[in-house]
Amino acid sequence: MGLALCVYLLGLITGSYEWNLTLQLVIIFTVLILQIFVRGSYAFIAIILFTFYSLGNLSRPMETPLKPQEIYYFRLSNIKQYPKHIQAYGKQYLRKKAHLIPTKHFVVCTLPKSPNPNKACQPGDLIAACGEMTRIRSDKNPGSFDVETFYRSKGILYRCYIRDDVTLIGQQPDWQDNVEHFRQQLSILFDRDLAEGESGLAKALLLGDGSSVDSNSKAAFSATGAIHVLAVSGMHVALFAEILLLLMGLFHRFIQKRTIQIICIVILWYYAILTGLSPSVVRSVTMFTILQIEQFL
């Protein structure tokens, strides 16, 4: 009995890894059925211990839902610029006296767009703002995009509509925020040097950000069956890799071939991270890496 209690406590502790609830119920039901047919003493003891472990894992306390409050604290990431607003993922912080404590909750934050580009939100910004927290729900229209399932797969259940009073508390950037900041700088460069329609297409083709492509351009590409061109794919990576190899090949007298290949691999993986690590880009960069490494051997 003591051993069963220890295994139950172990299940409670490992419950923090958030197993799938449906899978746990199926496992426990299957184990209970097996107990009827298994007659061996050791096998029966093993099944009993596994059942107690699963029950302990199942008995962990669930995370409490977000409670509405007057002021929210978020650390912003994955910022996307739209014509009239900004959308970002915000990791929620809770205020305990004079300290801000991070939570596991991520929220889709919708912020007003600042007229001054120098005051625009940056990845890693820690902000305090008043807003309205709502649960993300999908539209009931047949064939519409299932936004609830999309964000649930990312572990996001709530959306916060932030009003104008946004206060910057500080910055806590990590390496991903630095990459995203570089992506934003490229977007600002496109907006400055290109026309509005051309800037949106450049962002979509080079950075994988289709949020700035106007509806007329999307309709034109869709009508011609070339809407997939607006998403960064393996074709873009192959063209970029070929151009990169040609440019680096000009320095073959000064740089060894193996060094050139390593530089190209590093640049391509950085580009994959810059464009959001979509499956097609990761697959293409992985194949390029394997082909280059094969030439080493």
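The values are calculated or read from the model by the stated rules, or taken from the named source; none is laboratory data. Since the model is a prediction, treat every value here as computed from it, not as a measurement. Counting neighbours? That spans all protein chains shown, and the Cβs are built from the backbone with ideal geometry, glycine included.
Okay, here's what the table says:
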{"read-out": "Selection within the stretch 100-121 - of a type outside the set (Gly, Ala, Ser) and at pLDDT below 80", "value": "LYS113, PRO115, ASN116, PRO117, ASN118, LYS119, CYS121"}
{"read-out": "Test: residue in the stretch 119-139 that is more than 15 Å from ILE71 (Cβ to Cβ), hydroxyl-bearing (Ser, Thr, Tyr), free of Cβ contacts under 8 Å to residues at least 24 places away in the same chain and in the same structural domain as SER77 (by TED's automatic domain parsing)", "value": "yes"}
{"read-out": "Per-region count, the stretch 207-234, residues of a type in the set (A, V, I, L, M) and in contact (Cβ under 8 Å) with a residue 40 or more places away in the chain", "value": "3"}
{"read-out": "Number of positions in the stretch 130-147 that are among the small types (Gly, Ala, Ser) and in contact with a Lys or Arg (Cβ under 9 Å, 6 or more places away or on another chain)", "value": "1"}
